[in-house]
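**Student:** Before I ask anything, here is the structure I am working with.
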Amino acid sequence: MNKNFKKIMVATLICGSVITSAIVSNAYAAGNVGDTDYIFTFPANTIGYNYTDIREKKDYTSSYMKLMSIYDGSPRYVAKVVDSARYPFSKSWYYYFSDNLYEDVFLTNYAAEDRGTPVNIRIEAKSDPVFYNAWKASGVWSPDSVGGN
């Protein structure tokens, strides 16, 4: 009985180590997943466009964005992934940000499918609708993601 128990414990530890290694290596297999801050400033009474800084996308995962704060009212903006020259990819998905503070949002995009990897991208944000006061939104984003689609 004692011998069988040791064998079971060793087998369990080995299986646990293999599963943990697979999970950890999958998380680090993603490309450029470090968060970068962004601040969007939208003018009053107009449709304003803002862009994040350019970053390199290294894999086929969705991009990631998290809204941390909105200043001066309760406006909203629409975001999508574009290339470094601000042109859209062959397919664009639009994501609304307003009251979804601290929510992980995964932005589907065809950056890697259209241009291969690595590819330089940024996030385009457009105020929606026109808001009567100037306002700001800030948060973090990354060109690749560990979760999402």
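**Student:** Calculate, in nm to one decimal, what residue 36 and residue 126 gain on full extension: separation in residues at 0.36 nm each, minus their alpha carbon distance. Show your work: numbers first, answer last.
**Tutor:** Details: separation 90, 0.36 × 90 = 32.40 nm, distance 1.92 nm.
Stretched fully, the residue 36-residue 126 segment lengthens by 30.5 nm.
**Student:** Would you please give the residues with an amide H less than 5 Å from that of residue 48, counting only those at least 5 places away or on a separate chain, with H modeled from the backbone geometry?
**Tutor:** Under 5 Å from the amide H of residue 48 lie the amide H atoms of 127, each far enough along the sequence or on another chain.
**Student:** For an R0 of 35 angstrom, estimate the FRET efficiency from the Cβ-Cβ distance between residue 138 and residue 114 and round to the nearest 0.05. It would help to have the intermediate numbers written out before the result.
**Tutor:** Values: r = 29 Å, r/R0 = 0.82.
About 0.75, to the nearest 0.05.
**Student:** Moving on to the next point. Mind checking which lysines have their C-alpha under 27 Å from residue 91, skipping anything on the same chain fewer than 8 residues away?
**Tutor:** 57, 58, 66, 80, 126
Any read-out appearing in this document is the output of simple, stated calculations on the displayed coordinates, not a laboratory observation. Remember, predicted model here, so these are calculated numbers, not experimental data. A quick note on method: Cβ atoms are made from the backbone with ideal geometry, for glycine too, and the neighbour counts reach across all protein chains shown.
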